[in-house]
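Have a look at the structure below, then the notes.
Quick note: the coordinates plus some simple rules give every number you see, no bench work behind them. These numbers were taken from a predicted model, which means no experiment stands behind them. Virtual Cβ from ideal backbone geometry, glycine too; neighbours counted across all protein chains shown.
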Amino acid sequence: MSETPKLVLFQCQWCLFAPADQEWVDTQLPENIHLAKVPCTGRINPLYLLNAVQGGADGVMVSGCLPEQCHFKTGNIAARRQLEEFSDYLNHIGYEQDRIRFLWLDLQDRGIIQKELAAFEAQITALGPAHNLATRAAEKVGGVNA
Amino acid sequence: MPDINALKAEAKRILSEGMVDIVIGFKAGDTPLHPQPAFFKTPDEVDQLVYNALCQNNLATYLTRFPKTQKIGMVVRGCESRSVNALVFEGQHPREGLYLIGVPCDGIIDWRKIVEQTGEEVFSVIEQSDNTVLVEAKSGFFTLEKETLLHESCARCIHPNPISADVVIGELLPEGDPALACEKVAAFAGLSMEERHAWFRQEAERCIRCYACREACPMCYCEECFVDHISPRWTESGTTPAGMQGWHIVRAFHQTGRCTSCGACERACPMDIKMTYLTEKLNEDMRRKYNFEVGLDATTAPPFSTVTLDDKSRFVI
Amino acid sequence: MNLILKKDHLNHLLNAWRQEYEVYAPQSLQNFTHFLPLQDGFELAFDKAHNTRIPPKALFLPTSEALLKFTRFGGYEEVPSETAPRLIFGIRPCDAHAMTMLDTVFEQERYTDPLWKARREATVVVGLGCHEPCQTGFCTTVGSGPFNHAGLDAILTDLGEIFLVETLTEKGEHLFTQLETASEDQSMHASEVQQAAAASMPIAFETEGLKQKLDQNFASPYWEEVSRSCLGCGVCTFLCPTCFCFDIVDEAQRGERVRNWDTCMFRTYSLEASGHNPRPSRVERTRQRLSHKYSYWLDQINQIGCTGCGRCVRYCPVGLDIRAMLRKAHQLPSEVLHA
């Protein structure tokens, strides 16, 4: 694939404990990665993911805290259940499940997010652009009545 | 098929004894293929009560329209009783305020399958004791096997008997085979990604956004649906591909762990859009991953309203 | 003028028209029929059902259409709308009649919808009368009929081996220049078929005085009664050939202003920005739907706003039947004070 994939990163504001990492995400994220910072991964409604997918994202990465380190106790494991099912479900109808990735970060971790994003981008590049589900770019107007 | 007189007698009894204020059931429709949901307030009105395989709606959808203080009697089949349980769990009505008259159900007939064979003009439909259906149509008389007319959700029904009903009228039927329910999902999942998507796309693109599926569903009782939001707008409002797909994706997903596979959404659709292949997939996942089936009682929380640390998820490190 | 079209000549004629027009005719789409443009090797689907599932109003007022495009920082541009000459073949008289009513909405003296108007002007409409009227239809009751001419450029009558073609406008005449003229016998036969069809349709309800009853019983418990099992979906109105309500929405993310079908049966239809909803429940919404068709249209154009196609009866998910509702309305008392 010649084009760089379009990625969306949903990032829990607590998961990047190292200031350097957070600063990197806030200021130096490559242009093809769109950042959506959330107060907790538990706040991520599957609709956000759908919005990203319909906005043309080739891959979606969610980074949150390790299961037992959630700032709000259980937000991340609630998110895990829903988002895992949602990605499974999207896979059922044509959006490969490898395009959605959940990343757990330990508060002790340093410099991991960069590597993970690079690895994810390589994975999505290998998959090619997402082309199945309709995106908001209008293809045509009107279903059977076009 | 339960004895209609016993059904009426019970409905009359609970009304006349003041156990309930209203009984929700069906009455004969103005067209032969469509019995109507009906609301009986007095024992005399109950004479109009009918129950047959053409009663295609899930009556539990009306439950959330009544104040929680109202005492409601309802004729329930397997799927309806499970929907009621799910609604009770979600605090939509206290169980004490309900009296459920259960009827074991051997499947709902999809009227579309009748008119496919007989043509549009149907004058009467009579269920006969040998599991056939006699249809009088403009094009002649037809004797059809009931089995072939069943709605797809009913053909693979696991729980034909009402669960936690206060009284059951009619003989209990053998429980369905859970393997049957997942057969269809497995077959669909076995297709290639492109094939699955092509199917989804072709079904979704007929949508006219009339939301009959939403209104027919007992679990869709939100005061404001996500598609009605103006800001933020979650998905496109019109019948663009993204709008229609967004609607079908999220409508089904919001039923995860709540859908009883009654198929009322599909039966309500004016464009004959298949939808249960989506909800069935989610139901099957809930069964497989969390050993959960909705509505078997009114106290077990569905998977999405509980959390555990030890999920077996591919997102686990 | 009455002409004769042999049935085995029909496909040839349709193909000839395709040189000049984009020809729409009922064809199978999944389990139902739909007006689709004819492609090579087309198969018409007249035997399957009387009416297409979606009324042909959708060809003039699409379920969704973009009105203009805009960008976040600078102005807007109109969406080019070119309407090539179109021919709709096989439209039923009820649907064609409905179109003339919608003209009164979209082509008013002061306000004309340019999109609707352009599409109407670019379209020739050839109807097919119903020699075997449908069971749920009630066109004769509401002042239309199985061979009504309103809104048509030509109408066909099925006489077995042949169609009798009556051309009704110049546009229609232009289409059938190659055909031979019908004999007097054939014309007689056709009018017998037409009369028999109309006569075979029972009067579904009394329309005389219905408007007054509906108006006078605005606050009657009748409305609660008939709307009790209503789900509040949009099936009846979206499939209705005379319903025309739409909603204009800015799709900000895509940068388009779009017009979508909307219906008075939805909660959000009458919801105001303050949160107040003047039609808070299905009771008021049902009253609006029925009264609009059977009372307010009469005030505006002196016609009942329904052509009796019967779609709402056939496809209502809970089997509500507008005919039964109106029969009941006719039983209502006359002198009720407004609450």
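Things to note:
- For chain C, Cys with no neighbouring Cys Cβ under 4.7 Å: C:Cys130, C:Cys134, C:Cys139, C:Cys230, C:Cys233, C:Cys245, C:Cys264, C:Cys306, C:Cys316
- For a label point 7 Å along the Cα-to-beta-carbon line of C:Thr181, residues of segment C:147-164 with backbone N under 17 Å: C:164
- Viscosity 0.692 mPa s, 37 °C: Kirkwood-radius Stokes-Einstein D of segment C:210-330 over Cα pairs, µm²/s: 213 µm²/s
- Whole-Hz couplings from phi, Karplus 6.51/-1.76/1.60, listed for segment B:56-67; x for Gly and Pro: 9, 8, 8, 5, 4, 5, 7, 4, 6, 7, 9, x
- The distance separating the Cα centre of segment B:73-116 from that of segment C:78-157 comes to 43 Å.
- Neighbour counting of Cβ atoms within 10 Å sorts the residues A:Asp106, C:Asp113, fewest neighbours leading, into A:Asp106, C:Asp113.
- Dividing the mean sequence gap of close Cα pairs (under 8 Å, 6+ apart) by how many residues segment C:2-199 holds gives a relative contact order of 24 percent.
- Exposed-site-free run, longest, chain C (rule: GluC sites (Glu not before Pro); DSSP loop; at most 15 other C-beta within 10 Å): C:209-271
- Once you reduce segment C:180-252 and segment A:1-61 to the center of their Cα atoms, the two points are 53 Å from each other.
- For the protein assembly as shown, the 222 nm mean residue ellipticity estimated from helices alone, with every DSSP H stretch of n ≥ 4 adding -39500 (n - 2.57) and the total spread over all residues, rounds to -9500 deg cm²/dmol.
- Working note: Karplus 6.51/-1.76/1.60 with θ = phi - 60° gives segment C:84-94 the couplings 6, x, 10, 10, 9, 10, x, 6, 7, x, 4 Hz, where Gly and Pro are set to x.
- Average beta-carbon neighbours from other chains, 10 Å sphere, peptide C:226-238: 6
- Taken over the Cα atoms of segment A:1-127, the convex hull encloses 91 Å³ per residue.
- Computed from the C-alpha gyration tensor, the three semi-axes of the ellipsoid equivalent to segment C:168-279 are 43, 28, 11 Å, from longest to shortest.
- With a simple spin-label model that places each label point 7 Å from the Cα along the Cα-to-Cβ direction, the separation between B:Lys68 and B:Cys222 comes to 2.1 nm.
- For chain B, cysteines whose Cβ has no other cysteine Cβ within reach (under 4.7 Å): B:Cys55, B:Cys105, B:Cys154, B:Cys157, B:Cys182, B:Cys207, B:Cys210, B:Cys222, B:Cys225, B:Cys259, B:Cys269
- When only alpha carbons are used to place a centre, segment C:41-67 and segment B:45-69 end up 34 Å from one another.
- Above-threshold pairs, the threshold being 20 Å between Cα atoms, out of B:Lys8/B:Lys71; B:Lys12/C:Lys328; A:Lys37/B:Lys281: B:Lys12/C:Lys328; A:Lys37/B:Lys281
- Per-residue mean of C-beta atoms belonging to partner chains within 10 Å, peptide B:268-281: 4
- Violating pairs (Cα-Cα greater than 22 angstrom) within the set B:Lys68/B:Lys289; C:Lys57/C:Lys171; A:Lys73/B:Lys312: B:Lys68/B:Lys289
- Hz values of 3J(HN,Hα) by residue in segment A:42-51 - Karplus curve (6.51, -1.76, 1.60), Gly and Pro given as x: x, 7, 7, 6, x, 4, 5, 5, 4, 4
- With viscosity 1.567 mPa s and temperature 4 °C, the Kirkwood radius over alpha carbon pairs of segment B:150-237 converts through Stokes-Einstein to a diffusion coefficient of 76 µm²/s.
- Once you divide the Cα radius of gyration of chain B by 2.2 N^0.38 Å, the number left is 1.02.
- With a Förster radius of 51 Å applied to the C-beta separation of C:Ala199 and B:Ser231, the computed FRET efficiency comes to 0.35.
- As an equivalent ellipsoid, chain C spans semi-axes of 35, 29, 16 angstrom, where each value is the square root of five times an eigenvalue of the C-alpha gyration tensor, largest first.
- Relative contact order computed over segment A:7-127 (Cα-Cα under 8 Å; 6+ residues apart), in percent: 33 percent
- In nm, spacing of pseudo-spin labels at C:Ser28 and C:Asp299 (7 Å Cα→C-beta vector): 4.7 nm
- Convex hull volume per residue in cubic angstrom - Cα atoms of the protein assembly as shown: 186 Å³
- Long-range HN-HN contacts of B:Tyr99 with modeled amide H, under 5 Å: B:Ile72, B:Gly73, B:Met74
- Calculated FRET efficiency, C:Lys328 to B:Leu309, Cβ-Cβ distance, R0 = 60 Å: about 0.50 to the nearest 0.05.
- Shielding by partners - mean other protein chain Cβ count within 10 Å, residues of A:74-84: 5
- In segment C:36-121, the alpha-carbon atoms span a convex hull of 137 Å³ per residue.
- Virtual spin-label span in nm between A:Phe72 and C:Gln212, 7 Å along Cα→Cβ: 6.3 nm
- With contacts taken as Cα pairs under 8 Å and at least 6 residues apart, chain C reaches a relative contact order of 21 percent.
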